[in-house]
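**Student:** Structure incoming, see below.
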Amino acid sequence: MKLSCEVNVHHLTRVEGHGNIQISIKNGVVKKAQWEVVETPRFFEAMLVGKHWENAPYICGRICGICSIGHTLASIRAVENAFGITPTTQTANLRLLLKHMETLQSHILHLYFLAAPDFLGAGSVLPLATTHPEVVQRALRLKLLANDACDIIGGRRLHPTRTVVGGFTMLPEKGELEKIRQRLLASVPDLLASAELFKTFAIPDFSRETEFVSLKGDTSYPFIGGGLVSTDGVVKKEDQYRAMTNEYCTQGFTSKLSKLSRRSFAVGALARLNNNFPLLHPTAREISEFLGLVPVNHNPYMGNVAQLVECVQVVLDSMRLIDTLLGSPWQEPRQQVQAKKGEGVGAVEVPRGILYHYYKFDTDGKVIKADCVIPTSQNHANILHDIEALAGQYAKTGKQDREIELLAEMLVRAYDPCISCSVH
Amino acid sequence: MSEQLSYLGVPLARPKVGFFELSSCEGCQLQLLNNEATLLDFLNLVEIVNFREGMSERADTYDIAFVEGSVTRKDEITRLTEIRRNAKILVALGSCACFGGVNQLKNRFRDLEWVKKEVYGDFPIETMEVHPLADFVQVDLSIFGCPIKKEEVERIVTDLVVGKTVRHPEYPVCMECKANENICLFELGEPCLGPVTRAGCDAWCPSNRRGCWGCRGPAETANLTELEKIMHTYGFDSETILDRLECFGGFASFADTLRPKNIAELSSLPAQTKLIPSGCKKVPARRKKP
Ligand code: SF4
Ligand code: SF4
Ligand code: SF4
């Protein structure tokens, strides 16, 4: 039986940013199992020093092309918390709706374009356009809906133009929101078909006990601000994020890494769902159960399923939000901002997990210190330990190199890593 | 997917296209996937042979290489040179590639060691001053914007495929803004770089009541002295102008002339972080083009 294996993946494909996987197994013993992050750092935290507060969300949104809305909102929240600004209900609802549409856009992109080809035996989504046209059309429909909604609310699907400290530069037309609501309702069959499709995928049988960190919802499934929680029982306030992230640097990673109660922890859709399952919409919960996902689930490959469940969650909740917004006349879009000395934290659940922005301002509202802790950087150590455990599990099974390579690639992709963002 | 393209009755081969990224947010590449309505038509026009973000297969030769991001580490110079060697046409995709983008904001600090320490403490990390692609290789075509406008890219790619000359507007964003019948933001108390920025985005930001920050770089007719006057007339200080002009790197030389006026205002910064005043900034030597 084949008991040795060499896997060497340079610049893993179908993920955002640059990372390498190396596995070496000799005579059934794992000699090396490595996840390496080689992305170039861009130094956003240094760039901001000396800049006036209004630059922070504008520049920091550019940390990530996929979750630019999430970064912008976390940054705005940090500035507003530092200045003691509470968003109006209208602003809070519009922001959450915008956030939901980014979550939908990002999850669909990941599930259909990045993850699904592995399960359907393709190298990319391109051949699927011929072999599974209805699948690709469905993905494009869902993504288009989410992107159109982001354009209408945030002004632009990528690097939003209307989102500012204090609210929005302008509001969407009510008729446009009404149309989005109709399209959301019409998208439900597409989501159910997605669940049926993912039900047919063979999720690899692998699990490793993991600590999961996320926001903790009080009355609703959490996305913007609130308390922090881990499945190992750690509970912290939003502004104590450093005690939750404990960042450190190590060889082989140009990104920082995090740990909490154990050597590593995980954030993301699976972590959110593990910590907030009862707060899901009943339909989303039902679909989760249908797909075999009930908390606490320790199989990282189930991250894909958790994302799908969240697609259902955000679509249903978006309809509720639109009903609320349409139910009352528009108020002022934007409140006055008075800068002051102080510091603030903004914690936001972006598609890949919990994101923190922190700024400290001088009396003129200029940044003295900035800190951004990215979901994928919190996941890196966990990905590394998962790869070790995966290699260990398959070391003596005689699997071909390519099979183990694919399992490792799919494992990393299941975290939907945003590597350039994690290095920033 | 195999329909034969033709231009004026002449059959055209689908060009092999590769997408590559240096230091970037990958947003410009994402913009291409973001055009759901025409994505499949677009894919029909070209043969994508290299797109790490989207597919597993990779090839080493391509007709058109789209390169996103700026150069911020030595190994990126090597990668870029290699991409240049394998490509017939090299396109700089987005403001990071064209001007350095937001990444080049770190160049405004005098001390690169301070920049590293501010983020990584004593952990050793490699970086260098940020450069646009054209500092190292010949760039055949630039697509401006942070992010790029997807309709514009598709138009440009179509023009490339059918062999038309690609032209950028020479006039400023204000022209498009007026065509959209927007109320001028200056009247609403907002600063805007529309008068000096190259058009082509259809006044994306002003149409959403957000001032232009100049992501597409200067228009041919840009009069920056005039802009400074307008800004001061409406009560905006030099720092507000500078924040916008220096954000994406397109106005680097003019931003340098504004910077010294602001250094005095930044007394809260420790000495070594002091921003580089114009004249002291070492202008990077242009590398020899291959
Ligand atoms: S130009 Fe802007 S959108 Fe494009 S890669 Fe650079 S930061 Fe991202
Ligand atoms: S809002 Fe900006 S782009 Fe529009 S007219 Fe005024 S200055 Fe020009
Ligand atoms: S309006 Fe200005 S900042 Fe906005 S996209 Fe156009 S050029 Fe860029």
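**Student:** With within 16 Å of ligand 1 (Cβ to nearest atom) and on the phi > 0 side of the Ramachandran plot as the only criterion, which of B:235, B:250, B:189, B:217 stands out? Show your work before the answer.
**Tutor:** Values: B:235 fails: within 16 Å of ligand 1 (Cβ to nearest atom); B:250 fails: on the phi > 0 side of the Ramachandran plot; B:189 fails: within 16 Å of ligand 1 (Cβ to nearest atom).
Exactly one of B:235, B:250, B:189, B:217 is within 16 Å of ligand 1 (Cβ to nearest atom) and on the phi > 0 side of the Ramachandran plot, namely B:217.
**Student:** Here's a follow-up. Does at least one position in region A:55-77 carry a residue that is basic (Lys, Arg) and either without any contact (Cβ under 8 Å) to a residue 60 or more places away in the chain or within 14 Å of chain B (Cβ to nearest Cβ) (or both)?
**Tutor:** Yes, the conditions are met somewhere in region A:55-77.
**Student:** Any idea which of A:144, A:158, A:128 is in contact (Cβ under 8 Å) with a residue 40 or more places away in the chain and either surrounded by 18 or more Cβ atoms within 10 Å (Cβ to Cβ) or touching a helix residue (DSSP H, G or I) at 6+ places or on another chain (Cβ under 8 Å) (or both)? Break it down into steps so the answer makes sense when it comes.
**Tutor:** On the way: A:144 fails: in contact (Cβ under 8 Å) with a residue 40 or more places away in the chain; A:128 fails: in contact (Cβ under 8 Å) with a residue 40 or more places away in the chain.
Matching residue, one of A:144, A:158, A:128: A:158.
**Student:** On to the next question. Residue B:37 passes all but one of (1) closer than 17 Å to residue B:149 by Cα; (2) crowded, with 16+ Cβ neighbours inside 10 Å; (3) of a type in the set (A, V, I, L, M); which number fails?
**Tutor:** Every condition holds for residue B:37 apart from (2).
**Student:** Mind checking whether some residue in region A:89-105 is within 12 Å of chain B (Cβ to nearest Cβ) and β-branched (Val, Ile, Thr)?
**Tutor:** No: zero hits.
**Student:** Do you know which residues across region B:184-200 are assigned to a loop (DSSP other than H, G, I, E, B) and either more than 7 Å from ligand 2 (Cβ to nearest atom) or facing another protein chain (nearest Cβ under 10 Å) (or both)?
**Tutor:** Scanning region B:184-200 gives B:189, B:190, B:191, B:193, B:196, B:199, B:200.
**Student:** While we're on this one: Considering only residues that are more than 10 Å from chain A (Cβ to nearest Cβ), more than 11 Å from ligand 2 (Cβ to nearest atom) and buried (at least 23 other Cβ atoms within 10 Å of the Cβ), which ones fall in region B:201-218?
**Tutor:** Passing the criteria: only B:216.
**Student:** Looking at (1) over 14 Å from the mean Cα position of the chain (by Cα); (2) touching a residue at least 12 places away in the same chain (Cβ under 8 Å); (3) not in a loop (DSSP other than H, G, I, E, B), find the lone condition where residue B:178 falls short.
**Tutor:** For residue B:178, the failing item is (2).
**Student:** Say we look at region B:5-42 and pick out the residues that are among the small types (Gly, Ala, Ser) and part of a loop (DSSP other than H, G, I, E, B); which of these is modelled with the lowest pLDDT? Explain how you work it out, then say what you get.
**Tutor:** Step one: of region B:5-42, the residues among the small types (Gly, Ala, Ser) are B:6, B:9, B:13, B:18, B:23-24, B:27, B:37.
Narrowing further to those that are part of a loop (DSSP other than H, G, I, E, B): B:9, B:13, B:24.
Numbers: B:9: 55, B:13: 72, B:24: 95.
The residue in question is B:9.
**Student:** Among the residues of region A:160-175, is there at least one that is within 16 Å of ligand 2 (Cβ to nearest atom), hydrophobic (A, V, I, L, M, F, W, C) and not in a loop (DSSP other than H, G, I, E, B)?
**Tutor:** So in region A:160-175, the residues within 16 Å of ligand 2 (Cβ to nearest atom) come out as A:161-162, A:164, A:169-170.
Adding the requirement that they be hydrophobic (A, V, I, L, M, F, W, C) leaves A:164, A:170.
Keeping just the survivors that are not in a loop (DSSP other than H, G, I, E, B) gives A:164.
Yes: one or more hits.
**Student:** Something else about it: Which helices (runs of 4 or more DSSP H) does region A:281-400 wholly contain that include 2 or more residues that are β-branched (Val, Ile, Thr) and surrounded by 18 or more Cβ atoms within 10 Å (Cβ to Cβ)?
**Tutor:** The helices (runs of 4 or more DSSP H) meeting that bar are A:303-326, A:375-394.
**Student:** Which residues, taken from region A:19-60, are touching a Leu at 6+ places or on another chain (Cβ under 8 Å) and assigned to a loop (DSSP other than H, G, I, E, B)?
**Tutor:** Of everything in region A:19-60, those that are touching a Leu at 6+ places or on another chain (Cβ under 8 Å) and assigned to a loop (DSSP other than H, G, I, E, B) turn out to be A:27, A:28, A:40, A:49, A:50.
**Student:** Within the bounds of region B:221-228, is there any residue that is hydrophobic (A, V, I, L, M, F, W, C), on the phi < 0 side of the Ramachandran plot, outside the structural domain of residue B:102 (by TED's automatic domain parsing) and near ligand 3 (Cβ under 8 Å from one of its atoms)?
**Tutor:** Taking region B:221-228 as the starting set, the residues that turn out to be hydrophobic (A, V, I, L, M, F, W, C) are B:222, B:224, B:227.
From what is left, the residues that are on the phi < 0 side of the Ramachandran plot are B:222, B:224, B:227.
Cutting the leftovers down to outside the structural domain of residue B:102 (by TED's automatic domain parsing) gives us B:222, B:224, B:227.
Adding the requirement that they be near ligand 3 (Cβ under 8 Å from one of its atoms) leaves none.
No: zero hits.
**Student:** Now a separate question. Only one of B:144, B:136 is over 27 Å from residue B:199 (Cβ atoms), in contact (Cβ under 8 Å) with a residue 40 or more places away in the chain and crowded, with 20+ Cβ neighbours inside 10 Å. Can you tell me which?
**Tutor:** Working: B:144 fails: over 27 Å from residue B:199 (Cβ atoms).
Within the list B:144, B:136, the selection yields B:136.
**Student:** Among (1) modelled with pLDDT of 85 or more; (2) within 14 Å of another protein chain (Cβ to nearest Cβ), where does residue B:271 come up short?
**Tutor:** Residue B:271 satisfies all of (1) modelled with pLDDT of 85 or more; (2) within 14 Å of another protein chain (Cβ to nearest Cβ) except (1).
**Student:** Which residues, taken from region B:224-250, are in contact with a Gly (Cβ under 8 Å, 6 or more places away or on another chain) and within 14 Å of chain A (Cβ to nearest Cβ)?
**Tutor:** As a first pass, look at region B:224-250 and keep what is in contact with a Gly (Cβ under 8 Å, 6 or more places away or on another chain): B:234, B:244-245, B:247-250.
Those that are in contact with a Gly (Cβ under 8 Å, 6 or more places away or on another chain) and within 14 Å of chain A (Cβ to nearest Cβ): B:244, B:245, B:247, B:248, B:249.
The values are calculated or read from the model by the stated rules, or taken from the named source; none is laboratory data. Predicted model only: the values in this text are computed from it and were never measured. Cβ: placed from backbone, ideal geometry, glycine included. Neighbour counts: every protein chain shown.
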